[in-house]
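Right, one structure below, let's go through it.
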Amino acid sequence: MTLPSINYLALAPFLVMSGTALVLLIATSLTPTRIPRRVASTVAVSAAGASLLLTVIQGWQIARHGAQLTAAHSVVMDGFSALATASISSSLIFALLIAHDWEGRERFVGAEYQMLALLATSGAVLMTEANDLAVVFLGLEILSIALYVIIAFNRRRVKSQESSLKYFLLGGFAAAVFMYGAALVYGATGSTNLSTISYFLSANVLVHPALLWAGGGLMMLAFAFKTQAVPFHFWSPDVYEGAPTPVTGFHASIVWGGAFAAAIRVMISGLGTQSDTWRPIIWGLIVLSTVVGALFAITQVNAKRLLAYSSVTHSGFIWLGVWAASPRGVADSLFYILTYAPTVLGSFAIVALVGGVGDSDHYLKKYRGLARRNPWIGGSLALLLLSQLGVPLTVGFDGKFAVLSASLDAGNVTASVVAMLAAAVAAFAYLRWVGSLFAEGDPDVAPLVVPWASRVVIASSVIVVLVFGIWPAPLTHLAQHATLFFQP
Amino acid sequence: MSVPASWYLVLSAVLFGIGVYGFLTKRSVLIMLMCVELMLNAVNLTFVTFARTLSDIAGQTVVFFVMVVAAAEVTVGLGITVAVFRRRRTTSVDELTEMQG
């Protein structure tokens, strides 16, 4: 018997993250006292930084030797996986820094949070480089199971546990649906390997495609659930509101990175030959997500619920690039994820600060006059919100412009127009929030105290939004080189 | 006399359907959890059946992944359910109305 050869460089970011998580877990159970917050955060941030460096080495290797399949063709290292992993690793650094301050406020000690965050992220990383439906499933579940626990992390808040239970039940259901879809695709094509599936489908014409279509449809349902696309978004406002705020930021950046990367791999690398069949479904997801997300965002009075519906709209935009099913569409979707992650993490860093101890109050009226009390924080939040709205000279504009032009190039005029109109409607929700930041506030409210870790996150996200908003060329260039290993 | 493969596929589809129906209609967290398990076992049966008709070992190995993941998922799920039950004295999803989504 011969074991499959493994290129450890391809798996290195995953191994660093899950390995550090296990070290933290063992250290937690062996040390008599709880691990100080500072030590845990330092270890976890170093692991995330190491994985970011490893993606640079991966990128250099890919540029020299091309993309590589490894571990019996079930894992792929290509430009797409390297860039998505880089995005996820840097999001993890941001998310850990937000959580560092949050844990200080809530007086949590120990390394459990950092451990779970690293584990969940390692699952997302595995999803970006999966070339086999079983590996997609494994990544999805490593990500989800750690996420269920981390959402319920705040023991003193009933909402935290309640939202975790809701997410757990629906997440387990979605995973089972995904796997049944994978089983049907396996039956129709004879393999769970995405490249083999693709070769099989391009070389053969199925007499009875119903099995394949049912399987693909079920898998798409699970991806729509994970990426909060309407009509599978109904859990997201509750989970966004109930989860501790650092976890909400984690969700909107890292979980999305993994879920969209896996969706792109399965739908384009694996089932790309069937794009005429799945395009109408994605078209429906785009139209519903952008419109429903925008309409509900307007009516929200809670900041976290508003951001939940806003991310539903953003999900519709990212699906626009997937619909195009072209190398350019994939690059533009990746560019959107890459730029949306720091924007949303910066916003949630500020939401966590304003929410105060115990995540008690996230109502929008609490933001009234924030820019007068804390000019820098208020101004940063205004900028981050304007970027999510898609104002020119912010990175949000470049992202929207990229996916819209890719989708128009592919001939998807109606959905692009609907998405643009929906973005205009959603603008109202953001502008109302920005307006209240600069309004005359209650003079009795004391200015916020901003700890250093949150400062770093907010400042870096503002820099990303402004610098790449004005000069997006380096990022678009990177995204265009981040092609999929295989695309029919 | 051997049972044709299509029977197994129909059986697993029926099991999956029962799981989906139960998940959507029952209100107890524990029963919903059992329904998810039923769905995952239907998945396993489908994989094994296809692995046999295709004479391919890969489908059978996937079953091990599914079983391990299902066990881990139940462990975490029961933990969360117990945590909620300690606070609220209920496992019915209808009474979990702290937030209205």
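Those residues that are among the hydrophobic types (A, V, I, L, M, F, W, C), in contact with a strand residue (DSSP E or B) (Cβ under 7 Å, 6 or more places away or on another chain) and within 10 Å of residue A:7 (Cβ to Cβ), I need them from segment A:62-74; list them, please.
A:69
If a residue has to be farther than 19 Å from residue A:341 by Cα and assigned to a helix (DSSP H, G or I) to count, how many in segment A:120-134 make the cut?
Selection size over segment A:120-134: 2.
Going through segment A:382-417 one residue at a time, which ones are assigned to a helix (DSSP H, G or I), closer than 20 Å to residue A:459 by Cα and more than 20 Å from the chain's Cα centre (by Cα)?
A:382, A:383 - these are the residues of segment A:382-417 that are assigned to a helix (DSSP H, G or I), closer than 20 Å to residue A:459 by Cα and more than 20 Å from the chain's Cα centre (by Cα).
Test residue B:80 against the criterion of being in contact with a helix residue (DSSP H, G or I) (Cβ under 7 Å, 6 or more places away or on another chain), among the hydrophobic types (A, V, I, L, M, F, W, C), more than 8 Å from chain A (Cβ to nearest Cβ) and farther than 28 Å from residue A:194 by Cβ, and give yes or no.
So residue B:80 fails the test.
Do the conditions hold for residue B:20, that is, is it among the hydrophobic types (A, V, I, L, M, F, W, C), in contact with a Ser or Thr (Cβ under 8 Å, 6 or more places away or on another chain), at pLDDT 95 or above and part of a helix (DSSP H, G or I)?
Details: among the hydrophobic types (A, V, I, L, M, F, W, C): yes; in contact with a Ser or Thr (Cβ under 8 Å, 6 or more places away or on another chain): no; at pLDDT 95 or above: yes; part of a helix (DSSP H, G or I): yes.
It is false that residue B:20 is among the hydrophobic types (A, V, I, L, M, F, W, C), in contact with a Ser or Thr (Cβ under 8 Å, 6 or more places away or on another chain), at pLDDT 95 or above and part of a helix (DSSP H, G or I).
Those residues that are more than 9 Å from chain A (Cβ to nearest Cβ) and among the polar types (S, T, N, Q), I need them from segment B:58-74; list them, please.
Within segment B:58-74, B:60 is the sole residue that qualifies.
Is it true that residue A:163 is more than 9 Å from chain B (Cβ to nearest Cβ) and in a helix (DSSP H, G or I)?
No, not satisfied.
Pick from A:443, A:447: which is part of a loop (DSSP other than H, G, I, E, B), over 30 Å from residue A:97 (Cα atoms), more than 24 Å from the chain's Cα centre (by Cα) and not small (Gly, Ala, Ser)?
Values: A:447 fails: over 30 Å from residue A:97 (Cα atoms).
Checking each option against the conditions leaves just A:443.
Checking residue A:467 against (1) at pLDDT 90 or above; (2) over 15 Å from residue A:398 (Cβ atoms), which single condition isn't satisfied?
Among (1) at pLDDT 90 or above; (2) over 15 Å from residue A:398 (Cβ atoms), residue A:467 violates only (2).
What are the residues in segment A:31-60 that are of a type in the set (Lys, Arg) and crowded, with 19+ Cβ neighbours inside 10 Å, if any?
Quick first cut of segment A:31-60, residues of a type in the set (Lys, Arg) only: A:34, A:37-38.
Across segment A:31-60, the qualifying residue is only A:37.
If you check B:93, B:76, which single one turns out to be out of contact with any His (no Cβ under 8 Å at 6 or more places or on another chain), surrounded by 16 or more Cβ atoms within 10 Å (Cβ to Cβ) and in contact (Cβ under 8 Å) with a residue 40 or more places away in the chain?
B:93
Has segment B:71-90 got any residue that is under 13 Å from residue A:179 (Cα atoms), in a helix (DSSP H, G or I) and out of contact with any Cys (no Cβ under 6 Å at 6 or more places or on another chain)?
Looking for residues that are under 13 Å from residue A:179 (Cα atoms), in a helix (DSSP H, G or I) and out of contact with any Cys (no Cβ under 6 Å at 6 or more places or on another chain), one finds none in segment B:71-90, hence no.
Which one of these does residue A:177 not meet: (1) aliphatic (A, V, I, L, M); (2) within 12 Å of chain B (Cβ to nearest Cβ); (3) surrounded by fewer than 18 Cβ atoms within 10 Å (Cβ to Cβ)?
(3)
Is it fair to say residue A:147 is more than 9 Å from every other protein chain (Cβ to nearest Cβ), at pLDDT 90 or above, crowded, with 24+ Cβ neighbours inside 10 Å and closer than 30 Å to residue B:87 by Cβ?
Yes: the conditions hold for residue A:147.
Please identify the pairs in which a residue from segment A:412-424 that is touching a residue at least 40 places away in the same chain (Cβ under 8 Å) has its Cβ atom under 9 Å from the Cβ atom of a residue that is small (Gly, Ala, Ser) and outside any helix (DSSP H, G or I), counting only partners at least 6 apart or on another chain.
A:423/A:390
Return yes when residue A:224 is within 12 Å of chain B (Cβ to nearest Cβ) and hydrophobic (A, V, I, L, M, F, W, C) and no when it is not.
The answer is no for residue A:224.
Taking segment A:1-30, which residues are surrounded by fewer than 12 Cβ atoms within 10 Å (Cβ to Cβ) and either among the hydroxyl-bearing types (Ser, Thr, Tyr) or at pLDDT below 90 (or both)?
Hits for segment A:1-30 are A:1, A:2, A:3, A:4, A:5, A:8, A:29.
Condition check: away from every other protein chain (no Cβ under 14 Å), surrounded by fewer than 24 Cβ atoms within 10 Å (Cβ to Cβ) and not β-branched (Val, Ile, Thr). Does residue A:105 satisfy that?
Answer is yes for this residue.
The values are calculated or read from the model by the stated rules, or taken from the named source; none is laboratory data. Just so we're clear, the structure is a prediction, and the values are computed from it rather than from any experiment. All Cβ positions, glycine included, derive from the backbone under ideal geometry; neighbour counts span all protein chains shown.
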